[in-house]
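Here's the structure we're looking at; comments come further down.
The values are calculated or read from the model by the stated rules, or taken from the named source; none is laboratory data. This structure is a prediction, so every number in the text was calculated from the model and none was measured. As a convention, Cβ positions derive from the backbone with ideal geometry for all residues, glycine included, and neighbour counts pool all protein chains shown. What goes into the accessible areas is simple: the full protein's heavy atoms, side chains included, and nothing from ligands, DNA or RNA. Shrake-Rupley method; radii C 1.70, N 1.55, O 1.52, S 1.80 Å.
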Amino acid sequence: DARPDSPTALRFPQGFRWGTATAAYQIEGAAAEDGRTPSVWDTFSRTPGKVRNGDTGDIAADHYHRLDEDIALMRRLGVTDYRFSIAWPRVVPTGSGPSNAKGLDFYRRLVDGLLEAGIRPVATLYHWDLPQELESATDGSPAGGGWARRETAYRFAEYAGVMADALGDRVATWTTLNEPWCAAFLGYGNGVHAPGRTDALASLRAAHHLNLAHGLAARVLRGALPASAEVSLTLNLHAVRALSESPEDRDAARRIDAVGNRIFLDPVFHGRLPEDLVRDTAGITDWSFVEDGDLATAAAPIDSLGINYYSPAVVAAGSSESPSPWAGAERHVRFEPAPGPRTAMDWPVDANGLYELLVRLRDELPGVPLVVTENGAAYDDYADPSGNVKDPERVAYLHAHLAAVHRALADGADVRGYFLWSLLDNFEWAYGYSKRFGIVHVDFATQRRTLKDSARWYAEVIARGGLEGRGDLDG
Ligand code: PNW
């Protein structure tokens with residue numbers, strides 16, 4: 001066995017941030033408590049046929065009532081940071097206007113508990129639970145409400161101001177949006193996520209209004225927070241590879257890169273829309289909903305970029321099913337099943353995709369610190385006769401992906417931290433409770449928490465400041 005000081009050990013830099021991540025709707029429950037109003041996810045999950053087994057986030061992991069226990073778990077793990085999200089309808093119940101003191105108080109208690117435990121709070125303002133009122137407000141426009149509507153971006157910036165005022169004295173790290181790609185294209189494109197719309201134009205409008213919302217909120221945060229505060233954005237960038245070097249397959253990869261990655265990267269970091277995306281989507285929109293100054297607003301300077309990574313995608317020329325999240329690219333692109341092992345989500349396990357993304361960002365965004373804000377895997381775990389929850393595949397997945405982060409660091413990528421998805425088994429969106437991403441098992445009947453082997457493994461990695469070399473898995 002390699003010892004920490006052996007040449008095969010993979011050590012991470014001093015000050016590297018070791019975290020776990022969750023999201024409000026996936027763990028909190030208490031959906032109708034203390035003044036919280038419904039979000040689009042409450043509406044969606046209560047609509048028959050939308051979520052597996054009819055599951056909802058009404059109770060979830062009951063974190064709203066168990067935050068002390070959950071903070072104590074994290075203290076045991078030794079994490080330096082905890083990434084959580086704030087439920088907008090808990091703190092600004094109608095989406096705009098007066099804030100809800102009881103909702104704000106919950107997040108104050110969470111943050112104070114974390115600080116007391118020596119854990120840095122990392123707050124995300126939007127992890128998909130849009131107040132239903134903002135989705136329902138359409139102004140009668142055929143484009144519809146929610147993120148398809150420009151007004152929502154301004155409401156988001158106001159909400160950011162409310163949170164900065166409430167928590168700005170104790171939260172130093174802020175993320176505006178989690179995975180705007182999912183919010184726009186799964187929410188409004190293929191309808192697999194809330195609000196369940198299937199309208200390519202609405203999905204492109206949503207993507208733009210999310211970029212605008214991010215930029216508006218980043219400015220509000222900057223104005224309200226101490227100068228030392230860190231303002232960030234988290235994207236689920238697609239590690240996309242062409243099946244072959246043929247011009248047709250490479251063009252398929254270019255299209256997915258445009259509508260999956262550069263649709264956010266270009267506005268946020270360069271204040272422009274990708275020209276090829278505008279060309280590709282000419283049959284859907286002329287982008288006249290992008291107003292003067294919007295792209296400059298989206299490009300408000302930020303301090304770091306969060307990356308969520310699970311799996312790569314392999315594409316070739318062809319076509320795929322509709323409705324799709326790809327805003328027309330599905331008529332030109334076929335998704336190839338990647339070889340190799342799969343997780344319980346049926347997502348391929350390929351740590352090299354994470355390495356590829358990190359070195360791409362090293363090259364394309366020099367000077368922008370990177371944080372892996374989500375990485376992890378769903379597997380069915382099982383208890384051995386003494387009640388230990390065994391999840392060896394998850395340990396192998398995590399080891400391989402941390403080794404990929406280490407390799408990217410060694411090759412000059414400025415990676416500041418790693419947040420494991422997820423602390424707890426939780427409501428996995430359209431899959432309900434059927435998929436378990438936690439390193440802590442949750443028995444949803446009793447809400448009992450049990451550390452899985454992966455949790456013990458992660459605690460050791462953190463304590464050691466890195467991995468013991470495992471030649472088979474070090475990528
Ligand atoms: C991310 N896709 O979601 C989210 O940020 C988490 O809330 C979620 O639990 C986690 O990854 C695991 O799914 C995604 O279909 C959901 O491409 C779907 C996709 C990507 C990310």
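Couple of notes before you dig in:
- Scanning the range 321-341 for residues that are open to solvent by less than 80 Å² (accessible area, probe 1.4 Å), of a type in the set (D, E) and under 23 Å from D199 (Cβ atoms) yields a count of 1.
- Residues in the range 302-334 that are assigned to a loop (DSSP other than H, G, I, E, B) and without any contact (Cβ under 8 Å) to a residue 24 or more places away in the chain: S319, S320, E321, S322.
- Checking A157 against (1) over 26 Å from E428 (Cα atoms); (2) within 16 Å of the ligand (Cβ to nearest atom), the condition it does not meet: (2)
- From the list A317, A344, A313, the one residue that fits, being touching a strand residue (DSSP E or B) at 6+ places or on another chain (Cβ under 6 Å), surrounded by fewer than 22 Cβ atoms within 10 Å (Cβ to Cβ) and farther than 30 Å from G223 by Cα, is A313.
- Residue in the range 306-317 that is touching a helix residue (DSSP H, G or I) at 6+ places or on another chain (Cβ under 9 Å), hydroxyl-bearing (S, T, Y) and more than 26 Å from G412 (Cα to Cα) present: no
- Counting only helices (runs of 4 or more DSSP H) that sit completely within the range 1-118, those holding 1 or more residues that are more than 16 Å from the ligand (Cβ to nearest atom), touching a residue at least 12 places away in the same chain (Cβ under 8 Å) and hydroxyl-bearing (S, T, Y) correspond to 40-45, 101-116.
- Number of residues in the range 107-130 that are over 22 Å from the mean Cα position of the chain (by Cα) and within 27 Å of G187 (Cβ to Cβ) equals 0.
- Candidate set from the range 182-192 (those that are within 11 Å of the ligand (Cβ to nearest atom) and surrounded by fewer than 24 Cβ atoms within 10 Å (Cβ to Cβ)); member that is nearest to A227 (Cα to Cα): C182
- Counted residues, the range 368-394 - those being open to solvent by 60 Å² or more (accessible area, probe 1.4 Å) and either within 16 Å of the ligand (Cβ to nearest atom) or assigned to a helix (DSSP H, G or I) (or both): 3
Conditions tested, residue by residue: (1) over 19 Å from S311 (Cβ atoms); (2) free of Cβ contacts under 8 Å to residues at least 40 places away in the same chain; (3) open to solvent by less than 50 Å² (accessible area, probe 1.4 Å); (4) in a helix (DSSP H, G or I).
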| site | (1), (2), (3), (4) |
| --- | --- |
| P366 | yes, yes, no, no |
| A404 | no, no, yes, yes |
| R436 | no, no, no, no |
| S454 | no, no, yes, yes |
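- Residue match in the range 125-136 (condition: in contact with a Leu (Cβ under 6 Å, 6 or more places away or on another chain) and within 16 Å of the ligand (Cβ to nearest atom)): yes
- Exactly one residue out of E33, E28 is open to solvent by 30 Å² or more (accessible area, probe 1.4 Å) and either under 30 Å from G145 (Cα atoms) or not polar (S, T, N, Q) (or both): that is E33.
- Within the range 344-370, the set of residues being closer than 21 Å to P392 by Cα and touching a Leu at 6+ places or on another chain (Cβ under 9 Å) comprises A351 only.
- Residue in the range 414-427 that is open to solvent by 30 Å² or more (accessible area, probe 1.4 Å), out of contact with any Asp or Glu (no Cβ under 6 Å at 6 or more places or on another chain) and among the small types (G, A, S) present: no
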